[in-house]
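Just below is one structure, and these are the notes that go with it.
Bear in mind that the values in this text are calculations on the coordinates, not laboratory data. Note that the coordinates shown come from a computational prediction; the quantities given were computed from them, not determined experimentally. Backbone-built Cβ (ideal geometry, glycine too); neighbour counts: all protein chains shown.
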Amino acid sequence: MTETSTETIAAVIDRYSGDPGMLIPMMQDVQAELGYLPQVELKQLSNGLGVPLAQIYSVATFYSSFRLMPKGDHTIQLCMGTVCFLKGANKIAEAIQQEFELVPGGTSPDRKFTFAPLNCVGACALAPVMVVDDEHHGSLTVDSAVELLHKIAAGEKPSRDGESAKGKSKGKGKTRKSAGKGKPPAKAKKKKSPGSNKT
Ligand code: FES
């Protein structure tokens, strides 16, 4: 932990008078300042507040807005819904994970990409579908998906070879659940936002 981040945690604790009941706003402030919730800084927060680290992690993993890893420059949301899976999304997932050293929910070592597989994005007619920075790309193959990501990593604005998948098919709605590598997605478990009622 750098001196700066030590000061950040101390300042955040001080800002809320060290009140453990203000844990969530404190975590929000830490993330706003550091970009995510690093392990060492959470430990310092735990020590400073007298709140068990396990409790802080349970809050961090319960709310979808908290990040335990730094976010990449680009977010890859690969659809692992049933139709996309049957059309090869699992092979695309394996290829891009290998090519960019990613794991589901993780960020590549060069911090170019964060990989966030999800369930149906509502464009099944264009399966398999990948959403990169909110831009939909459909009818992908392993090669075209990897090539697309290389172009994005190089700073190019790629033309969409496949049709835009936006609004082309009846959707089932998006979920945040990450799919396991090579397996059909299990039923999604929803995470909440800190604005909702549970901690
Ligand atoms: S299953 Fe992938 S868009 Fe519907």
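Does residue 46 satisfy the criteria of being over 17 Å from residue 153 (Cα atoms) and of a type outside the set (D, E, K, R)?
yes
Taking the residues in the stretch 115-138 that are within 18 Å of residue 158 (Cβ to Cβ) and away from the ligand (no atom under 11 Å from the Cβ) as candidates, determine which candidate is surrounded by the fewest Cβ atoms within 10 Å (Cβ to Cβ).
134
Would you confirm whether or not the stretch 73-80 contains a residue that is surrounded by 15 or more Cβ atoms within 10 Å (Cβ to Cβ) and assigned to a helix (DSSP H, G or I)?
No.
Any chance the stretch 71-94 includes a residue that's among the aromatic types (Phe, Trp, Tyr) and closer than 30 Å to residue 123 by Cα?
Within the stretch 71-94, one or more residues are among the aromatic types (Phe, Trp, Tyr) and closer than 30 Å to residue 123 by Cα.
Can you name every residue in the stretch 81-92 that is more than 10 Å from the ligand (Cβ to nearest atom) and either surrounded by fewer than 21 Cβ atoms within 10 Å (Cβ to Cβ) or over 24 Å from residue 112 (Cα atoms) (or both)?
Selection gives 88, 91.
Just give me the residues in the stretch 21-60 being loosely packed, with under 14 Cβ neighbours inside 10 Å and in contact (Cβ under 8 Å) with a residue 12 or more places away in the chain, in sequence order.
Passing the criteria: 35, 39, 40, 50.
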